[in-house]
Amino acid sequence: MNVYLLYADTDRLDAPAYFDGKSIAQDLGLKALFLAAAKEVIYDKDRVVRVGKEDLYIQDAMRKVMQIPLRTEEEIRFRQEALSDFIENEELIRELYRISSLVLSEWNKLGRGVQDKIGSGDSAAKLLSEVKTVNLFAVHLREIRDLLEGCLENLRSEALRSLYERLREEYSPERERYVTKILGDVSFFAEGLGGEEVSERTVKPRIIFECGVEDGLKLSSPRLQEVSSESLKFYRPGSAMDRLQEFKNSRIPDSFSTVKEPAVKEQAGLLEYEVVSYLVRSLDPFMAAFHSFFDALHLQSAFYLGAVNLRHHMKRFGLTACFPEVCAQDRLSFRDLKEFVMCLEQRVDAVGNTCDMDRRMLLIVTGANQGGKSTFLRSVGVAQVMMQSGLMVTAERFESGIFPELFTHFTRREDSEMNSGRLDEELRRMSRIVDQVGDRSLILLNESFATTTEKEGSVIAYDIIKALNERGVKILTVTHLLSFAQRMYRESGEKPDTDVEFLSAERKTDGTRTFKMIQHAPELTSFGLDLYEEIVEGNASGGR
């Protein structure tokens, strides 16, 4: 049976991932987001009292799922609706994750996978593990079905309502009764080999065959008529009551004791094994139907639980959140968008930005140093990745196109792994990106080509960005290459239908940075003197 919580038609994460997910995670700081998703926010009434320890499985699930972008509006809506249900019914997602974790843990203890290997342990122990595994599945499938049924009237998403319908069909009450009866009938076998102490009751088998008798008292055409387990009063072996019970049984006509006859006891044990094995084999279709169910549920519930945890972290820092809306690729519009990763790392609210670009495929952001340009770019990138994962974003409103071919090109600090100059390294990374771009590409450039002279960097930036823009690639770039920015501004002014937008980090007349991006032509300076004067004044005051 399929879970289908992440996609409407598959449980496999085999869709194409981002080309360079490692760079995206590094440049946008997504590690902090994955870590936050793995930590539960714990409340006392409405007050946050602490944050729990990270769950490494949830952290890994978020990383895996978010590396694979959703590619259609329908896929995004499907996941958003499921997440909305889980936010409104939080106990449901926590229980689904708990149950799937428990089942997999207990299944591993029972030797999951080992029983499939030839020569792995004795056959009786393997069969016992199979019986207990069937029981494990049966108990917790019923628990999940009842859990969904209890929440059904509050569920609106196709994902969860369909999961309930499939579970009700594939683990119907009729099938449950059949599985439960088989488990009850063979319970003598599980108790007999389980190594568990029995205090008051014990279970004994009742197996009835129908067969013919041929010459020499040979049995022919045996047919199993009945198997059941009888609960009897338990007497300690060798005790007076045990001997009395054995004597009583010995007086039954046509009966004999397996205790006093080891050979008969061995044959009886073999008969029990064969009968139980035969019955358990009849449950193979049931086991096959749900063999991968709990693995899929574990991963998918981990992702949604991480998403719910992120929603609590947003609330924790007072961040407004919304589900993004899909629009055309040449549109980007949002209100009060905040850089979520920075909020998580610094544990504060942040300045939000508002933007409304229509019929624009190139955005060039310039302006004052330390004015929030890179933070602005990261806020868009983080929101885009979250949108393409079906998550909420930290904004009052966010609209963007779908760009499964997302690339980041941020300036990197020089490190020991670099075998050549920083400009060479930048150009190599850009070359790899250019080789991969297509009609659904979005590139985020942060201070690219700033590792050379302003003149040379401007020429490189112009040639590459101009070519990509003409190719139909959407580009958001933050730059201090003013010659490049002004050249693009002049050219765009000559076109009435330009698809280029210019923003600038706002700087007030007294040098104050508001960390807001406003529509503005590229200026001739980045106001580096502001920072110089601030440092000088700070040193001077410190000296006094």
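Descriptive notes on the structure:
- Pair residue 282, residue 181: separation of 7 Å Cα→Cβ label points (nm): 0.8 nm
- Highest mean packing comes first when the peptides 325-335, 503-513 are listed by Cβ atoms within 10 Å, giving 325-335, 503-513.
- Potential lengthening of the chain between residue 315 and residue 166 amounts to 50.2 nm, from the contour at 0.36 nm per residue minus the alpha-carbon distance.
- When the listed pairs 64/109; 474/495; 64/132; 373/508 are checked against a 22 Å cut-off, the alpha-carbon distance exceeds it for 64/109; 64/132.
- Cα-projected label distance for residue 54 with residue 146, points at 7 Å along beta-carbon direction, nm: 3.7 nm
- Rounded if a/c under 1.5, otherwise prolate or oblate - region 328-432, Cα gyration tensor axes: prolate
- If R0 is taken as 51 Å, the Cβ-Cβ distance between residue 158 and residue 122 corresponds to a FRET efficiency of 0.60.
- A protection proxy built from the mean count of other Cβ atoms within 10 Å ranks the segments 47-54, 79-86, 94-101, 486-493, most packed first, as 79-86, 94-101, 486-493, 47-54.
- Theoretical FRET efficiency, 1/(1+(r/R0)^6), r = Cβ-Cβ of residue 84 and residue 509, R0 60 Å, to 0.05: 0.85
- Gyration tensor (alpha-carbon) shape descriptor, region 390-511, a/c threshold 1.5: rounded
- Ordering of 379-389, 28-38 by burial proxy (mean other Cβ atoms within 10 Å per residue, highest first): 379-389, 28-38
- Remark: spin-label model distance residue 424-residue 139 equals 6.4 nm, labels positioned 7 Å along the Cα→Cβ axis.
Rule-based calculations on the coordinates, nothing more; no lab input. All values derive from a computational prediction rather than experimental measurement. Note that we place each Cβ from the backbone using ideal geometry, even for glycine, and neighbour counts take in every protein chain shown.
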